[in-house]
């Protein structure tokens, strides 16, 4: 419908008037597409005398705003003498739609100064302006004004705008209250609340309202692509993969998934949830792949150290003429570090240097972290000291590197320098320094660090809490560890750390008690929890508890990974259930050297040396090389069963695998030869050792001399044994008993006299009765 246009007096002919009216009608029917055409139309409007028409002026304002010329819109607005609410709304919208929120707010204030009241079209724009500028107080004033003017009645757009404003101002309580007051809600109101919760780190509530929105299911309240975007973001933030998959099914079913925005948010969700295959499938669905899309898919592969795929995607990205920013480059570098891909990481460092990619602090810190992960601390120190300035991130990487490499003194020293320079330590640095204090056994420094953490209010980080519990627990201060634990709303890692502390100190019963408490509180146990508890059951030979843990695994349908399967095999073996242990062992789809060692040790400790050797032979046939613990278990098994020849063969077999026997292997072999009466051979083995025999080696040989009454050799061995461990009363007593067994009472008494003179006390005997 066209308005009546006043004909110009400058043109007298009908054709000229008709020409002007025709162009004005084209203008009013939205057929002006370029700035040049619009300027021509504007000129005709002025020459025809219609420049003061509010409707025409509003149209001009709108079109200039559409063409990103809000300044022209403002000139048109100023040229109109009689302004109405429609014209004010147009000029406010022209600036609002172009993101010029300050100007939009300024025009609203001028409108109010001109005694115009906002209507249901004005207010949503002005309230959204307050949201973008985070002007909470001004927004609250508008809330009062809207209530006074009755604009909430029957108008959902006004209520929705306030939900959005309160959300943007981090006032989710007020946003929710506003939402509840809206009597008839639409998708805009729901979406504003869902996204508000997500953006205010309350993703769980955001998902709850999305589910409620879907449950109601009215046409005006069905989720749109913006609502679904918020839902995918919430799932990504929470790592809620199951819910994310359900939402994915919903968008496919409803057809919302065809939106590019939804495809990108779906990719981001799968990336955050750590599912590379699904992330890649979503990535392939994105039509217009921008840098963010490439970053999402590369980052998820990098997180899992799948660097071949990362590199393939990186080259594809470059071929698409999209070049990496600092985030993509950092993801690649961190991925090389996490996967320990040393050669590839160094080559990639060379690539970004040669191609002159952006190299800011983020990239330098990623390079530094990568080399720290590789353990190349000389190179890392060169980068660290050559950066010109120390940052919190670079110091954190170096502290981590020192701790990982076992340079604990350097780790603590760098932390002290950070404090001196006023560089705030992050939680990762604190965790590394606490670990270094624990490894050095400097508990007094650990306590000082604990005090610093409390004073600087850094004790709310759960990783720091867990490290403190571990430090005190491993140092034997279980009461303090328990006290910290009781003050913490910890996660499963916190519980695991406390259990580990008790097991480390040999308090296996207490560890199982904590496990039972975890079960009573219905916590989700992970495989690490179960492995530790099975270890405690093994040490206590508690078959009943071990079977309960095994049943728990079956009832929950938990995945039995390699370490958990090995722990079950070990538990049943140490509890004497060799058949059950072997059955589990045989059912394992994959076995590592630890699994084989556990089964070999299980047979050995129960005197089944031949079965242990058979398992070893199967291990060799599987092309898995044994390690030094394998041979120690085998030699121990042979020792228990008196299999001398087999033991000797296995001992010398070690060199086939380039394994050098240590003191434990020698002690076991000497004991085997000595118990079998081959004392000369045992002595020759000791004398030929490339390393100095320790007390256990001499003790094994001395014990054999005592058993077989080899007094002369026993005297010689006793001197060596006492020299190696002069405080060990057992050597004196064995020598004394050896003299007594052949009636040499005087020598026996002399040995005990020497004990008294040297202050070596005989340990008190004890009985289980």
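The values are calculated or read from the model by the stated rules, or taken from the named source; none is laboratory data. What you are looking at is a predicted structure, and each value in this text was computed from that prediction instead of being measured. Methodologically, a virtual Cβ is constructed for each residue, glycine included, from the backbone with ideal geometry; neighbour enumeration extends over all protein chains shown.
Residue 264: assigned to a helix (DSSP H, G or I), within 19 Å of the chain's Cα centre (by Cα) and over 21 Å from residue 188 (Cβ atoms), yes or no? I'd like the intermediate steps shown before the answer.
On the way: assigned to a helix (DSSP H, G or I): yes; within 19 Å of the chain's Cα centre (by Cα): no; over 21 Å from residue 188 (Cβ atoms): yes.
Spelling it out, it is not the case that residue 264 is assigned to a helix (DSSP H, G or I), within 19 Å of the chain's Cα centre (by Cα) and over 21 Å from residue 188 (Cβ atoms).
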Would you tally the residues in the stretch 147-193 being closer than 17 Å to residue 135 by Cβ and either surrounded by fewer than 18 Cβ atoms within 10 Å (Cβ to Cβ) or modelled with pLDDT under 90 (or both)? 1
Can you say whether residue 484 is in a helix (DSSP H, G or I), touching a helix residue (DSSP H, G or I) at 6+ places or on another chain (Cβ under 9 Å), farther than 20 Å from residue 533 by Cα and at pLDDT 90 or above, as far as the supplied structure shows? yes
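Having 2 or more residues that are touching a helix residue (DSSP H, G or I) at 6+ places or on another chain (Cβ under 8 Å) and at pLDDT 75 or above is the bar; report the helices (runs of 4 or more DSSP H) wholly within the stretch 1-98 that clear it.
Numbers: elements: 14-28, 35-47, 54-66, 70-79, 85-97.
In the stretch 1-98, 35-47, 54-66, 70-79, 85-97 are the helices (runs of 4 or more DSSP H) which contain 2 or more residues that are touching a helix residue (DSSP H, G or I) at 6+ places or on another chain (Cβ under 8 Å) and at pLDDT 75 or above.
Before we move on, is residue 726 surrounded by 20 or more Cβ atoms within 10 Å (Cβ to Cβ), at negative phi and not in a helix (DSSP H, G or I)? Write out each step before concluding.
Numbers: surrounded by 20 or more Cβ atoms within 10 Å (Cβ to Cβ): no; at negative phi: yes; not in a helix (DSSP H, G or I): yes.
No; evaluated as a whole, the condition is false for this residue.
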Output the residue which, of all residues in the stretch 286-316 that are free of Cβ contacts under 8 Å to residues at least 24 places away in the same chain and farther than 18 Å from residue 339 by Cα, is surrounded by the fewest Cβ atoms within 10 Å (Cβ to Cβ). 315
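If you go through the stretch 515-530, how many residues are part of a helix (DSSP H, G or I), surrounded by fewer than 20 Cβ atoms within 10 Å (Cβ to Cβ) and in contact (Cβ under 8 Å) with a residue 12 or more places away in the chain? Break it down into steps so the answer makes sense when it comes.
Looking only at the stretch 515-530, we keep the residues that are part of a helix (DSSP H, G or I), and these are 515-520, 527-530.
Now restrict to residues that are surrounded by fewer than 20 Cβ atoms within 10 Å (Cβ to Cβ): 516-520, 527-528.
Next, from what is left, pick out any that are in contact (Cβ under 8 Å) with a residue 12 or more places away in the chain: 518-519, 527-528.
Of the residues in the stretch 515-530, 4 are part of a helix (DSSP H, G or I), surrounded by fewer than 20 Cβ atoms within 10 Å (Cβ to Cβ) and in contact (Cβ under 8 Å) with a residue 12 or more places away in the chain.
Within the stretch 317-358, work out how many residues are part of a helix (DSSP H, G or I) and in contact (Cβ under 8 Å) with a residue 12 or more places away in the chain. Outline the logic, then answer.
Within the stretch 317-358, the first condition is being part of a helix (DSSP H, G or I), and the residues that meet it are 317-319, 326-339, 342-354.
Checking which are in contact (Cβ under 8 Å) with a residue 12 or more places away in the chain leaves us with 317, 326-339, 342, 344-345, 348-349, 352.
Matching residues across the stretch 317-358 total 21.
Quick check on residue 611: is it in contact with a helix residue (DSSP H, G or I) (Cβ under 8 Å, 6 or more places away or on another chain) and within 26 Å of residue 529 (Cβ to Cβ)?
Numbers: in contact with a helix residue (DSSP H, G or I) (Cβ under 8 Å, 6 or more places away or on another chain): yes; within 26 Å of residue 529 (Cβ to Cβ): no.
The answer is no for residue 611.
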Which of the residues that make up the stretch 739-769 are modelled with pLDDT of 80 or more and assigned to a loop (DSSP other than H, G, I, E, B)? 743, 744
Taking the stretch 430-441 and keeping residues closer than 14 Å to residue 407 by Cα and touching a helix residue (DSSP H, G or I) at 6+ places or on another chain (Cβ under 8 Å) leaves 432, 433, 434, 435, 436, 437, 438, 439, 440
Within the stretch 225-258, work out how many residues are within 17 Å of residue 187 (Cα to Cα) and not in a helix (DSSP H, G or I). 1
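So is residue 518 under 22 Å from residue 490 (Cα atoms), modelled with pLDDT of 95 or more and within 31 Å of the chain's Cα centre (by Cα) or not?
Details: under 22 Å from residue 490 (Cα atoms): yes; modelled with pLDDT of 95 or more: no; within 31 Å of the chain's Cα centre (by Cα): yes.
So residue 518 does not fit the description; no.
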Cross-chain or 6+ apart pairs with Cβ under 6 Å, the stretch 627-641 first and at positive phi, then surrounded by fewer than 22 Cβ atoms within 10 Å (Cβ to Cβ) and assigned to a helix (DSSP H, G or I): none
Give the residue that is surrounded by the fewest Cβ atoms within 10 Å (Cβ to Cβ), with candidates limited to residues of the stretch 651-690 that are under 45 Å from the mean Cα position of the chain (by Cα) and not in a helix (DSSP H, G or I). 658
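Within the stretch 698-720, count every residue that is in a helix (DSSP H, G or I), over 52 Å from the mean Cα position of the chain (by Cα) and in contact (Cβ under 8 Å) with a residue 24 or more places away in the chain.
First, pick out the residues of the stretch 698-720 that are in a helix (DSSP H, G or I): 698-707, 711-720.
Next, from what is left, pick out any that are over 52 Å from the mean Cα position of the chain (by Cα): 701-707, 711-720.
Narrowing the set further to residues that are in contact (Cβ under 8 Å) with a residue 24 or more places away in the chain leaves 701-707, 711, 713-714, 717, 720.
Within the stretch 698-720, residues that are in a helix (DSSP H, G or I), over 52 Å from the mean Cα position of the chain (by Cα) and in contact (Cβ under 8 Å) with a residue 24 or more places away in the chain number 12.
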For the stretch 181-224, which residues satisfy the criterion of being outside any helix (DSSP H, G or I) and under 33 Å from the mean Cα position of the chain (by Cα)? 200, 201, 202, 223, 224
Taking residue 325 as meeting all but one of (1) within 16 Å of residue 357 (Cβ to Cβ); (2) surrounded by fewer than 18 Cβ atoms within 10 Å (Cβ to Cβ); (3) modelled with pLDDT of 90 or more, write down the number of the exception. (3)
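Just name the residue that is farthest from the chain's Cα centre (by Cα) out of those in the stretch 124-144 that are surrounded by fewer than 16 Cβ atoms within 10 Å (Cβ to Cβ) and in a helix (DSSP H, G or I). Full working, then the answer.
First, the residues of the stretch 124-144 that are surrounded by fewer than 16 Cβ atoms within 10 Å (Cβ to Cβ): 134, 137, 141, 144.
Going one step further and asking which of them are in a helix (DSSP H, G or I), we end up with 137, 141, 144.
Numbers: 137: 39, 141: 43, 144: 45 Å.
Result: 144.
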